[in-house]
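Everything on this sheet refers to the single structure shown next.
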Amino acid sequence: MATTFPRKLGGGAFEQSLKEFRAIVGDQWVLSGEEDRQSYIDPYALGDGADHDCSAVIAPASTEEVQAVVRAANRHKVPLWPVGRGKNLGYGGASPAEKGNVILDLSRMNRILEVNEQYAHCLLEPGVGFFDLYYHLQEKKIPLWMSVPGNSWGSVIGNALDRGIGYTPYGDHCEQICGLEVVLPDGDIVRTGMGAQDGSRGWQHYKYGYGPGWDQMFFQSNFGIVTKAGLWLQPEPEMTAKIELAFPHFDDAAWAIDILADLRRRDVIQHNIVFGSPVRAASTMSQRADWYEGEGAIPDSVSEEMMKKLGLGWWNAKINLYGHEGIVTAQVALIRKLFEPRLGKRLEFQFWRKGEPLEKSAQGVPTTMGLQCVNWYGGRGGHLSFAPVMPSDGKLALAYAKKIKAYYEEIGQDYYASFTIGRRHINNVSLILYNRDDPAMVARADKLYRHLLAEAAGQGFAEYRGHISYMDAVADTFDYGGHALRRLNDKVKACLDPHNIIAPGRNGIGSAPGAVANTGDAR
Amino acid sequence: MKRLFPAAALLLALAACSGGKSEAPKGGKDVSPIVTATFGRDSSDAGERLFGEKCAFCHVGKSTGAMMLGRRLDESQPAELHKRKDLSADYVKQVVRAGMNNMPYFNRIELPDDQLDTIAAYLARNSQ
């Protein structure tokens with residue numbers, strides 16, 4: 001692996017900056033050797049990942065060290081790519097969008113600063129992982145539950161800032177954030193919401209503060225580095241019930257999504273519902289070769305064999321219910337009334353009551369099982385997700401699914417889809433699995449992603465979250481007013497971060513030629 | 001179907017309420033997801049504690065590492081890493097730093113060398 005430098009910085013100037021960074025955080029916490037840089041390459045990279053290689057890694061231990069690093073980075077014009085724990089797998093991991101950035105690894109800032117049982121909130125540093133917070137709650141016997149994403153290896157705060165989701169109440173992780181502490185690109189510190197008051201006793205109690213609420217400005221952006229965040233947690237319910245529904249026919253998507261979306265809108269179902277295809281389920285417990293070794297996409301007949309063997313439907317939804325016993329019991333009755341006549345069988349829920357072993361409950365437990373899917377094709381695997389936001393309309397979802405499935409089959413990719421059903425929207429997650437060491441497959445993955453992006457844009461839909469290799473392409477689809485939003489983002493970026501120091505190109509901000517006056521094209 | 005990961009097959013059969021037949025899991029048969037998520041965290045053994053914090057979520061119970069190792073190893077060898085009797089400390093360190101198949105490499109910030117030494121010694125304890 002060749003030595004990489006940030007932008008146009010020469011080796012001597014870069015070495016000088018590293019010397020200063022080492023003086024701030026300590027020698028041990030600045031890495032620039034080849035093996036260390038390799039260990040930060042995205043493990044799911046499309047190819048060898050060298051096109052997103054970093055030039056070094058800095059790991060501060062405190063907000064004060066972050067401030068000092070940012071100020072030094074400004075002096076030396078060294079761009080920083082902050083990561084909470086660097087496990088944003090499927091979106092680029094720790095790798096920067098722009099080759100040669102210095103990764104600012106915040107994983108040493110891993111303190112759980114407060115958990116308030118009475119008011120059900122906590123205050124975390126960005127290096128706190130889902131497993132860390134879960135263990136803390138278990139160890140201290142704190143009756144608060146957390147939402148967890150499919151890959152729980154990463155940072156609680158980092159996931160929320162990238163608008164990651166979970167599948168229990170509080171699963172819209174960005175909505176649970178209440179109060180941020182942010183180091184701005186000039187090294188200043190701001191606290192949002194009620195935290196703007198010195199000595200505030202209401203920081204994690206009320207999100208909006210006084211005047212404009214700036215919190216959203218720091219989500220999926222590069223306007224600052226979040227060093228603390230408040231997060232609301234779910235008070236342990238009195239009772240839960242859970243069940244998996246299997247819908248046997250592909251066309252069931254139309255009616256089933258309409259019913260589920262209505263239940264979600266009314267908060268009968270209080271969580272994002274995953275409505276997924278057979279390969280989605282099969283890829284967490286088997287490999288493709290167990291089912292089919294032919295070229296091209298898996299035929300429907302093989303998917304039907306999977307369904308039969310694994311007790312799946314063409315679509316599968318996991319439903320959890322939470323609350324007081326009277327409410328959960330009534331919700332179960334309603335769901336039975338809505339689905340049993342259509343499915344032609346009695347639904348058997350699993351119930352849990354407070355005090356019983358938590359294993360029976362519908363509590364979110366952190367897991368990395370979702371990562372198993374990358375083994376589908378064999379070899380060193382990866383996955384890439386395209387998930388446009390759509391209205392939660394069953395007929396629309398079905399028509400879209402048919403069109404996308406046909407394209408997967410046309411190019412020879414196994415169809416892996418799910419619809420994540422929210423209160424007013426669905427995300428049609430088209431997951432693209434690949435063997436990263438198979439150049440033809442990697443090229444097919446790229447072609448498929450770009451096709452999905454264009455297809456969605458043509459129908460008025462766009463992605464909710466971006467992989468580092470496609471951040472500009474996704475940003476380009478937000479084109480109202482001749483890309484007015486992008487111009488606004490770039491104006492804010494140029495104002496706050498004139499040297500384009502913080503995560504250049506993140507979500508397409510500050511990457512266009514001339515977007516930020518002092519740096520030109522950051523790509 | 002040729003080979004289904006048995007632990008996951010059991011999970012699915014239970015969850016789907018389909019009355020489907022399940023095979024006996026090879027590794028982590030009775031391990032709940034909660035145990036996987038918290039394994040070793042309160043151990044007095046520093047090696048087990050660090051293994052629990054850094055590795056167990058993929059290598060204990062019904063987990064992706066245990067599933068893939070279960071496929072690769074012969075029936076006589078446990079799929080859960082902490083039960084293996086054939087691991088040397090050097091081998092563990094090599095795999096952790098360089099990765100293996102779909103196991104990602106660990107960097108020296110998230111897992112400094114002294115912590116890796118402790119984990120490697122813990123995993124090699126049964127083979128000494």
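Remarks
- Subset tally (residues that are more than 21 Å from A:PRO504 (Cα to Cα), at the interface with chain B (Cβ under 9 Å from one of its Cβ atoms) and either among the aromatic types (Phe, Trp, Tyr) or out of contact with any Gly (no Cβ under 7 Å at 6 or more places or on another chain) (or both)) for the range A:87-139: 7
- Test for A:VAL25: is it crowded, with 23+ Cβ neighbours inside 10 Å, in contact (Cβ under 8 Å) with a residue 40 or more places away in the chain and outside the structural domain of A:LEU184 (by TED's automatic domain parsing): no
- Restricting attention to the range A:367-398, the residues being of a type outside the set (Asp, Glu) and out of contact with any strand residue (DSSP E or B) (no Cβ under 7 Å at 6 or more places or on another chain) number 9.
- Hey, A:MET369 within 14 Å of another protein chain (Cβ to nearest Cβ), surrounded by 18 or more Cβ atoms within 10 Å (Cβ to Cβ), closer than 30 Å to A:GLY93 by Cα and aliphatic (A, V, I, L, M) or not: yes
- Number of the exception - A:ASP36 against (1) more than 11 Å from chain B (Cβ to nearest Cβ); (2) in a helix (DSSP H, G or I): (1)
- Flag: A:TYR119 matches the condition of being surrounded by fewer than 23 Cβ atoms within 10 Å (Cβ to Cβ), among the aromatic types (Phe, Trp, Tyr) and farther than 16 Å from A:ALA160 by Cα.
- All strands (runs of 3 or more DSSP E) inside the range A:184-302 with 2 or more residues being touching a residue at least 40 places away in the same chain (Cβ under 8 Å) and away from chain B (no Cβ under 14 Å): A:225-232, A:239-247, A:273-276
- Residue in the range B:86-116 that is farthest from A:GLY92 (Cα to Cα), counting only those that are surrounded by 18 or more Cβ atoms within 10 Å (Cβ to Cβ), under 18 Å from the mean Cα position of the chain (by Cα) and at the interface with chain A (Cβ under 9 Å from one of its Cβ atoms): B:ARG97
- Scanning the range B:34-61 for residues that are farther than 18 Å from B:PHE106 by Cα and without any contact (Cβ under 8 Å) to a residue 12 or more places away in the chain returns B:ILE34, B:ASP42, B:SER43, B:SER44.
- The lone criterion from (1) over 29 Å from the mean Cα position of the chain (by Cα); (2) surrounded by 14 or more Cβ atoms within 10 Å (Cβ to Cβ) left unmet by A:ARG288 is number (1).
- Out of A:TRP145, A:TRP81, A:TRP153, one residue alone is under 20 Å from A:ILE189 (Cα atoms), of a type outside the set (Gly, Ala, Ser) and either surrounded by 22 or more Cβ atoms within 10 Å (Cβ to Cβ) or not assigned by TED's automatic domain parsing to the domain that holds A:THR284 (or both). It is A:TRP81.
- Residues that are crowded, with 17+ Cβ neighbours inside 10 Å, within 8 Å of chain A (Cβ to nearest Cβ) and small (Gly, Ala, Ser) within the range B:26-78 comprise B:ALA37, B:SER63, listed in sequence order.
- Residue selection: A:ASP42 satisfies the criterion of being assigned to a loop (DSSP other than H, G, I, E, B), within 30 Å of A:HIS383 (Cβ to Cβ) and not assigned by TED's automatic domain parsing to the domain that holds A:ALA440.
- Test for A:SER147: is it closer than 25 Å to A:PRO82 by Cα, within 11 Å of chain B (Cβ to nearest Cβ) and either in contact with a strand residue (DSSP E or B) (Cβ under 8 Å, 6 or more places away or on another chain) or at pLDDT 95 or above (or both): no
- When A:VAL66, A:VAL25 are checked against the criterion of being touching a Leu at 6+ places or on another chain (Cβ under 8 Å) and closer than 25 Å to A:LEU184 by Cα, a single residue qualifies: A:VAL66.
Yes or no, residue by residue, for (1) part of a helix (DSSP H, G or I); (2) farther than 28 Å from A:GLY364 by Cβ:
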{"site": "B:SER43", "(1), (2)": "no, no"}
{"site": "B:LEU50", "(1), (2)": "yes, no"}
{"site": "B:ALA66", "(1), (2)": "yes, no"}
{"site": "B:ASP117", "(1), (2)": "yes, yes"}
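The values are calculated or read from the model by the stated rules, or taken from the named source; none is laboratory data. Fair warning: this is a prediction, and the values are worked out from it, not measured in the lab. All Cβ positions, glycine included, derive from the backbone under ideal geometry; neighbour counts span all protein chains shown.
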